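Encoded as structure tokens, the structure appears first; notes follow it.
The values are calculated or read from the model by the stated rules, or taken from the named source; none is laboratory data. Everything numeric here is computed off the predicted structure, so don't read it as measured data. Using ideal geometry, Cβ is built from the backbone for each residue, glycine included, and neighbour counts are taken over all protein chains shown.
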Amino acid sequence: MEKARKPIPIYQAVIPFLAVIILGLLSVLKWKIGMNIPIIFGILVAAIIGLINGKKWNEMQKGLVDGVSRALPALFIMIIIGAIMGSWLQGGIISTLIYYGLKIISPEFFIPAACLVTAIVAVSTGTSFTSIATVGLALMVTGLGMGFSAPVLAGAIISGAYFGDCLSPLSDTPNLASAVTGTNLFDLIRHLAKTQIPALLISLIVFFFLGRNEAVNNMADLETIKGITNGLKDSFVISPFLLIVPMLTIVFSIKKVPAIPSLVFIAILGALCALFVQKAEIGSVLGTMTSGFVSETGNEMVDNLLTRGGINSMGGTIILLTSAVGLGGILEEIGALDAILNVILKGVKSDGSLVLVTVFSGLFVAFATGAQLLAIVIPARMYQSAFKERNLSNVNLGRISQSIGAIAINIVPWSVPALFAEKILGVPAIEFIPYVIFAFATIVVNIVYGYTGFTMEKKNKEYINERN
């Protein structure tokens, strides 16, 4: 029992992390077999380290179960998003968005517009996943039809989605950061805006120049765009009335309808569009919601991108998410995360260095586990006393934890958000990550604020909810 209470030596604590990162890089970059095996191997290594340090298997198994249980809402949402994609595709909703997008959006401004439109939708809906899977997918197909490169398009869409997700009071991640740090949600969101708006503006400027260069050098000819729009019109009933469904999605979020019931209703609306607008049979619609939609527009590029969706298509992502949060749970249970973060904390000498270690701790957890929840919760919990000692308000800690755990995690190729976007948008994570400008800008802005003191609230201007 005495042995079990001893902290894990730092050299042992880093072994599971190194195992996941090294095997993960080889798996993703060289062997092209994904992250399931590296994460399972990391769980095995963590269990061995735990046994060496006196942990019993039953305790570590509880850590695995606790880690997975925290992710259950996200798992259900992914299942429903698979059904939404299938019904929206067969219902012609995605095709309608693509059709009007090709008609009205200027090519020169398309890339920043894709970022901004996705951001607006994500703020309204409070979910990056749904925004990417619906409007994001439509913008992806539209941009490819215009001749833009897939990695740049994906980077812009993901950047916008996570800006919106970060600043929406309906999103789970700012609510989580608020709860963990004991801050008022709306005060935290106002504080987040001080970093996220500058980061978004930087992103939009970069995307404008990237988009303008591609518009000049690689623009598809009018015949290509005409072929896409004609193919969509021949295969679907295109109607502005179908845009009511995305608008209702936003309305539900504004009215604060709970996420899972509202998403189920949105999936049903898509199915009704397929039945009554596209004249599909009920068996076909249910099959599409289960197994995905098969596009037959005659345009190979469009068909490849629109042949997707369905509950079954989310199976791989759900398995990976389950494994990742399980890994985080066992690492937390054996004390590996605490051991590493305690060593890091010893190097803090100033407000700037505290912000820096908080940022890199979040990135460390993100690279080790690939899980948003852990990348937010662990640094937020570990550094509260350090922020208090330096007379810094917890809104600063909440802002950094949210920024890194929910946004910057997209630069991790095996993270759940990156792999989800890879699945939906059809672009390998390793290719679009350099273009997720918003994630990199968020990291830089937070560090600059830490060293300059700009926007760093002191406790004498405390935003902590009095009820806490």
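Could you count how many residues in region 289-314 are of a type outside the set (A, V, I, L, M, F, W, C) and over 25 Å from the mean Cα position of the chain (by Cα)?
7
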Checklist outcome for this item: Within region 178-197, of all residues that are within 14 Å of Tyr162 (Cα to Cα) and either acidic (Asp, Glu) or touching a residue at least 24 places away in the same chain (Cβ under 8 Å) (or both), the one surrounded by the fewest Cβ atoms within 10 Å (Cβ to Cβ) is Ala193
Checklist entry - Of all helices (runs of 4 or more DSSP H) completely enclosed by region 265-346, which ones contain at least 1 residues that are modelled with pLDDT under 85? => result 300-306, 315-334, 336-345
Next on the checklist: Cβ contacts < 6 Å: first residue within 14 Å of Thr96 (Cα to Cα), restricted to region 139-151; second residue at pLDDT 90 or above and β-branched (Val, Ile, Thr), any location; separation 6+ or different chain. Result?
Outcome noted: Leu139/Ile157
Checklist entry - Would you say Ser401 is touching a residue at least 40 places away in the same chain (Cβ under 8 Å), farther than 27 Å from Lys32 by Cβ and in contact with a Pro (Cβ under 7 Å, 6 or more places away or on another chain)? => result yes
Next on the checklist: Please go through region 113-155 and give me each residue that is over 20 Å from Ser262 (Cβ atoms) and out of contact with any Leu (no Cβ under 8 Å at 6 or more places or on another chain), ordered by number.
Outcome noted: Ala113, Gly147, Phe148, Ser149, Pro151, Gly155
Checklist outcome for this item: For region 90-103, pairs from a residue that is within 12 Å of Thr134 (Cα to Cα) and of a type in the set (S, T, N, Q) to a residue that is outside any helix (DSSP H, G or I) and at pLDDT 85 or above, with Cβ under 6 Å and 6 or more apart or across chains, are Ser95/Phe236; Thr96/Ile238
Checklist entry - For region 233-259, what are the residues that are among the hydrophobic types (A, V, I, L, M, F, W, C), closer than 26 Å to Ser168 by Cβ and in contact with a helix residue (DSSP H, G or I) (Cβ under 6 Å, 6 or more places away or on another chain)? => result Leu242, Val245, Ile250, Phe252
Next on the checklist: Can you list the helices (runs of 4 or more DSSP H) lying wholly within region 29-145 that have 3 or more residues being modelled with pLDDT of 85 or more and of a type in the set (Asp, Glu)?
Outcome noted: none
Checklist outcome for this item: Of the listed residues (Val348, Val359, Val343, Val325), the one being touching a helix residue (DSSP H, G or I) at 6+ places or on another chain (Cβ under 6 Å) and crowded, with 24+ Cβ neighbours inside 10 Å is Val325
Checklist entry - Within region 413-457, which helices (runs of 4 or more DSSP H) (wholly inside it) include 1 or more residues that are of a type in the set (Asp, Glu) and more than 21 Å from Gly398 (Cα to Cα)? => result 416-425, 429-432
Next on the checklist: Every residue in region 167-182 that is modelled with pLDDT under 75 and aliphatic (A, V, I, L, M), please.
Outcome noted: Leu170
Checklist outcome for this item: Counting only residues that are surrounded by 24 or more Cβ atoms within 10 Å (Cβ to Cβ), under 15 Å from the mean Cα position of the chain (by Cα) and of a type outside the set (S, T, N, Q), region 136-173 contains a total of 14
